[in-house]
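Some notes on the structure that comes next.
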Ligand code: UDP
Ligand code: MG
């Protein structure tokens with residue numbers, strides 16, 4: 001269908017400091033592969049000069065394509081925009097901060113072609129360059145996801161992977177609002193292989209994943225794959241009910257024995273405990289209802305302001321920039 005063999009999709013959010021390093025290392029790798037390619041740099045509503053710099057770099061690297069989102073829509077949404085824009089027979093997603101080594105892309109492509117698999121995961125076998133906090137939280141995330149989502153979720157497989165056109169078309173056709181790709185891709189069950197790599201340190205700038213975004217990703221991951229938390233709410237309710245039954249019996253016995261006046265502490269504890277359990281269960285319900293609500297509204301996850309593959313929008317943006 002297309003004449004492009006490879007698309008490299010890279011979400012970028014305020015990566016002005018990393019973008020030169022990224023391009024300098026990525027370009028020789030891709031040029032050396034001997035295949036036709038495009039690089040789809042998805043600007044996720046950066047507030048710094050990321051886009052301006054990308055437009056400059058594009059002047060002598062025509063394969064560099066820039067897709068700019070109207071506002072910061074988040075890493076997974078930026079990935080979605082990139083996957084929908086990419087034209088290649090194979091699509092690789094990679095971070096802009098060089099934590100995923102571009103050299104591995106060649107290996108991924110070779111594995112996909114030789115073994116005829118649809119997906120090649122990049123698996124980090126060493127995260128010693130990440131902070132202890134990052135490793136711990138990532139450890140908890142993958143542990144929970146393996147239990148809630150299924151054993152096919154590879155430990156330590158982030159968003160550095162190669163996918164065939166077939167897989168990308170399936171992903172693009174999913175009606176899901178906010179797919180968490182690192183969980184959705186393995187759940188589809190396409191044939192796959194892994195290549196391991198050492199996770200490097202971020203080349204420049206700071207992490208764009210503060211704790212709040214990590215929590216959001218975790219909530220999206222859990223609710224989009226599992227109703228187990230709702231079941232936990234049911235069990236909590238059942239447990240409290242049984243406890244209450246026992247307490248009612250003991251209350252009646254105490255009343256029968258005439259020892260009912262001092263009871264403030266037990267009442268106080270019971271009310272607090274039950275209130276807490278109820279609020280937790282309500283919150284759990286709310287998480288799911290919020291997602292049903294968002295799905296009903298069906299607003300776009302992101303809007304594309306500019307795509308350099310589309311002459312008109314690019315001209316408009318360049319004109320606006322000149323004014
Ligand atoms: N990113 C993005 N939008 C966001 C946050 C991050 O497009 O809202 C991009 C970021 O530019 C990078 C990738 O997602 O290319 C991974 O982010 P980062 O390296 O900051 O995460 P970490 O490696 O610290 O988990
Ligand atoms: Mg990073």
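Over segment 243-296, what number does the Rg to Rh ratio reach, with both radii from the alpha-carbon atoms and Rh per Kirkwood? Present the calculation step by step, with values, prior to reporting the outcome.
Working: Rg = 17.9 Å, Rh = 13.7 Å.
Ratio of gyration radius to Kirkwood radius: 1.30.
Restricting things to Cα coordinates, could you compute the convex hull volume per residue of segment 1-140 in Å³?
Numbers: hull volume 18.6 nm³, N = 140.
That works out to 133 Å³ per residue.
What residues from segment 126-170 fall in the zone where the backbone N is under 15 Å from a label point 7 Å along the Cα-to-C-beta line of residue 190? Taking a point 7 Å out along Cα→Cβ of residue 190, the residues of segment 126-170 whose backbone N falls under 15 Å are 159-170.
Expressed in nm², what is the orientationally averaged projection area of the convex hull enclosing the Cα positions of segment 145-206?
Details: hull surface 23.8 nm².
Spelled out: convex hull of the Cα atoms, projected over all directions, averaged, 6.0 nm².
Could the peptides 172-183, 111-122, 81-92 be put in order, highest first, of the mean number of other beta-carbon atoms found within 10 Å of their residues? Don't skip to the answer; put the middle values down first.
Numbers: 172-183: 15.8, 111-122: 18.2, 81-92: 22.7.
Packing order, densest peptide first, comes out as 81-92, 111-122, 172-183.
Once both axes come from the Cα atoms, what is the angle between helix 211-225 and the longest principal axis of the chain, in degrees from 0 to 90, rounded to 10? Computed tilt is about 80 degrees. Available extension along the chain between residue 207 and residue 174 is 9.0 nm, counting 0.36 nm per residue and deducting the alpha carbon span. Distance from the alpha carbon centroid of segment 1-32 to that of segment 80-146 works out to 14 angstrom. Using a basic spin-label model with each label point 7 Å from the Cα along Cα→Cβ, how many nm lie between residue 29 and residue 3? Those two pseudo-labels are separated by 2.6 nm.
Summary value for the chain: 22 percent relative contact order, contacts being C-alpha pairs under 8 angstrom separated by 6+ residues. When peptides 265-278, 23-36, 62-75 are ranked by their average number of other Cβ atoms within 10 Å per residue, the highest-first order is 62-75, 23-36, 265-278.
Annotation: extensible slack from residue 49 through residue 234 equals 61.6 nm (criterion: 0.36 nm per residue apart, minus Cα-Cα distance). Counting 0.36 nm for each residue step from residue 103 to residue 259 and taking away their Cα separation leaves a gain of 48.4 nm. Counted over segment 92-170 with a bin width of 5 Å, the fraction of Cα pairs per bin, in whole percents, is 3, 14, 20, 23, 20, 14, 6, 1. Considering only alpha-carbon pairs that sit under 8 angstrom and 6 or more positions apart, the relative contact order computed for segment 162-305 is 40 percent.
Taking label positions 7 Å along the Cα-Cβ direction at both residue 293 and residue 60, the computed distance is 5.3 nm, reported to one decimal. All C-alpha pair distances within the chain, sorted into 10 Å bins from zero, spread as 5, 22, 29, 19, 10, 6, 5, 3, 1, 0 percent across the bins.
The distance between label points at residue 303 and residue 227 comes to 3.6 nm (points 7 Å beyond Cα on the Cα→Cβ vector).
Read the figures in this text as sums done on the coordinates, not as results from a lab. Here the structure is a predicted model, which means the values were calculated and not measured. Don't worry about glycine lacking a Cβ; one is built from the backbone with ideal geometry, like all the others, and counts go over all protein chains shown.
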